[in-house]
Amino acid sequence: MNESILAVQKAIDELDIDGVSALVAKCLEEGLAPEIIIQEGISKGLEIVGRKFEEGEYFLADLIMAGEVVKEAMPLLKSHMNPDEASLRGKVILATVAGDIHEIGKNIVGMILSANGFEVIDLGVDVPAQKIIETAKATGARFIGLSALLTTMVGSIRDVAEMSAKAGLRDAMKIVIGGACTSEALCREMGADAYGETAIDALRIFTSYSKAA
Amino acid sequence: MHPIERVLNTMEGKPVDRVPTFCAMVEDRTFNEVLGKPLISQELLMTNPVARFVVDRWGPLITRPIFQTELNRALMKRIRAQVELGFDSIWAIHDETFTVLNHTTMVRFNGSVFNIQPDGYGNMTYMYRGPGIKSREDFEAWPYWPDADDVAHRTYNFFKKVVSNYGQRTCLFGQGPAYGIQESLLWAVGFEKMPVWIRREKDLVKRYIDLNEEICLKTNMALLEAGVPVIIQTDDFAFKSGPIMNPKLIDELFGPSYRRIIKAVHDRKGKYVLHSCGDNTLLVDAFISWGVDGLHAYETTSNVDIFHEKKIHGDKVTIIGGVGVDYLLTDRSKDEEVVDMVKKLIRELGPGGRFIIAPVHSLSSIPARKLEVMVNAVNRYGAYPLSLETPPKEAAQ
């Protein structure tokens with residue numbers, strides 16, 4: 001592999017937020033296409049970070065730092081890209097369910113998905129089911145990520161599933177849940193499609209849906 | 001045995017007559033169930049257009065005389081309700097960290113912003129909204145930093161009353177207006193930016209930690225002088241699946257402050273308990289090296305295995321927690337399920353002592369009655385020597 005791309009990969013892996021932009025600029029100066037830099041440098045670097053997270057070498061803060069490193073590099077890459085190529089893997093709507101305003105986990109997932117080529121539509125916190133469904137209709141997004149921390153608000157997950165069925169979207173839609181009070185059992189109980197314990201789980205799940213689409 | 005003796009002996013690994021209980025605080029809904037509802041609900045007061053107008057216009061000015069006074073009354077009620085529920089030890093907190101900006105927003109003195117909102121039971125509560133410090137300039141200009149001596153003085157006055165009213169009936173775990181150093185930083189700059197701050201703004205992070213350490217030290221001393229025997233401090237170092245950041249980095253950044261804080265407590269013959277949500281398994285050795293006497297919460301919705309923790313750290317630190325608030329201590333569970341869990345915890349964690357049974361958290365959804373079920377079950381099954389037998393099903397496994 002091209003040494004400059006390897007250097008970008010290494011910068012992501014080593015969370016080098018201060019050095020990554022210069023390395024990306026060097027790749028571009030050498031005539032490498034932005035898509036290649038993203039696929040071979042940034043995505044591969046994030047894969048290494050994800051693996052280290054799962055093996056316990058990296059922690060949540062490191063995952064976030066990796067997302068920040070990618071954020072640092074992306075403006076330069078995007079300025080060299082056709083706008084249509086910005087969303088490579090599909091659109092994901094993210095929301096913290098109605099009645100709940102905890103958003104740290106959701107934001108981490110958003111950061112990791114964006115860094116991996118998903119277009120993230122973040123609706124924020126305390127989002128009513130109706131708004132999620134309307135956004136899905138308006139944007140064509142069929143991947144939904146719902147975050148819930150409060151036990152008392154988990155019923156909102158079912159509302160999204162039921163409302164999407166009423167809107168005729170449920171078959172095409174994939175609802176993934178995460179957050180402190182969620183679990184596999186809750187996922188089944190609320191009629192969601194998958195449960196992700198960590199941001200890396202969420203990335204894996206949405207990537208598998210994206211490949212299957 | 002007196003509850004104070006029961007709790008302190010347990011924390012020192014000495015024999016006691018029964019597994020002690022600890023109440024991880026109660027929210028307004030729960031204390032209203034114990035003490036009776038107010039005539040006019042807080043929610044009604046705060047949603048009143050006149051009140052909103054006043055708060056929106058003069059929020060910061062009326063924070064101290066009106067909101068702080070009202071909060072002190074509510075905090076005292078929380079303490080009384082915990083005592084009346086019959087716990088051996090309770091979480092008593094004095095919180096004057098906030099300034100109300102308007103009817104939807106308050107700020108904590110160390111940099112974070114919170115929503116003021118209804119709790120679903122007619123009361124008002126608050127929830128973290130986001131960081132108040134987004135840049136170096138914000139940090140330098142933050143207008144709400146308190147005078148630590150002033151805060152400590154008022155903390156002393158509050159706890160002097162608490163000790164006078166309840167200090168002989170229960171073992172007080174006291175928390176001053178000093179939230180955990182790490183979680184305060186996380187709230188102040190935002191979780192998504194904290195790793196960047198730690199890397200790029202080392203001097204500011206150090207100053208932030210030092211400022212908070214000073215508040216912790218001074219308020220803890222005020223608590224001990226007022227006669228509180230146990231200091232409890234909350235600092236959520238972990239999430240559901242593990243530590244927020246590398247345990248080595250946590251130790252490097254926050255360990256020195258906590259070592260000084262805990263040593264100061266021990267020098268004055270106090271005990272120190274750290275509350276940290278999430279799965280702290282990888283951090284327990286660091287916490288023990290800082291000098292903690294007890295650890296709370298062993299959150300049941302996280303990956304932590306409290307039974308395994310008892311095996312590996314049970315002789316070095318007092319384990320406090322074990323009763324889940326996501327299902328068991330809610331309206332949805334059956335009383336028998338609470339009793340069964342209490343029996344299991346006593347059977348597995350009671351031998352050898354150094355275990356205090358407790359809810360893992362406070363939550364508006366906890367009914368007082370379920371706490372009573374829990375306390376009654378401990379009173380009935382928790383006496384030493386323990387006589388609970390392993391159920392045949394578990395014994396066969």
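The values are calculated or read from the model by the stated rules, or taken from the named source; none is laboratory data. Please read these numbers as outputs of a predicted model, since none were measured by experiment. Here Cβ is always computed from backbone atoms with ideal geometry, including for glycine, and neighbour counts include all displayed protein chains.
Per-residue answers, yes or no, for (1) under 19 Å from the mean Cα position of the chain (by Cα); (2) crowded, with 24+ Cβ neighbours inside 10 Å; (3) in contact (Cβ under 8 Å) with a residue 24 or more places away in the chain:
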position	(1), (2), (3)
B:Ile231	yes, yes, yes
B:Asp236	yes, no, yes
B:Ser241	no, no, yes
B:Leu249	no, no, yes
B:Gly255	no, no, yes
B:Arg260	no, no, yes
B:Arg268	no, no, yes
B:Asn280	yes, yes, yes
Sole exception among (1) facing chain B (nearest Cβ under 9 Å); (2) part of a helix (DSSP H, G or I); (3) modelled with pLDDT of 90 or more for A:Tyr58, by number:
(2)
Which numbered condition trips up B:Arg259, out of (1) within 20 Å of B:Glu372 (Cα to Cα); (2) part of a helix (DSSP H, G or I)?
(1)
Matching residues in segment B:3-26 - criterion: being surrounded by fewer than 19 Cβ atoms within 10 Å (Cβ to Cβ), in contact with a strand residue (DSSP E or B) (Cβ under 9 Å, 6 or more places away or on another chain) and over 19 Å from B:Val342 (Cα atoms)
B:Glu5, B:Glu12, B:Gly13
Being buried (at least 21 other Cβ atoms within 10 Å of the Cβ) and under 29 Å from A:Ile12 (Cβ atoms) narrows B:Leu204, B:Leu186 down to just B:Leu186
What is the residue count in segment B:11-65 for residues that are closer than 30 Å to B:His266 by Cβ, within 23 Å of the chain's Cα centre (by Cα) and outside any helix (DSSP H, G or I)?
10
Test for A:Leu76: is it assigned to a helix (DSSP H, G or I), modelled with pLDDT under 95, more than 25 Å from A:Phe143 (Cα to Cα) and not acidic (Asp, Glu)
yes
Hits in segment A:32-60 - residues which are within 15 Å of A:Ile108 (Cα to Cα) and either surrounded by fewer than 17 Cβ atoms within 10 Å (Cβ to Cβ) or over 16 Å from the mean Cα position of the chain (by Cα) (or both)
A:Tyr58, A:Phe59
Scanning segment B:102-140 residue by residue, those polar (S, T, N, Q) and assigned to a strand (DSSP E or B) turn out to be B:Asn102, B:Thr105, B:Ser112, B:Asn115, B:Gln117, B:Thr125
When segment B:90-101 is checked residue by residue, the ones that are under 19 Å from B:Gln68 (Cβ atoms) and not in a loop (DSSP other than H, G, I, E, B) are B:Ala92, B:Ile93, B:Phe98, B:Thr99, B:Val100, B:Leu101
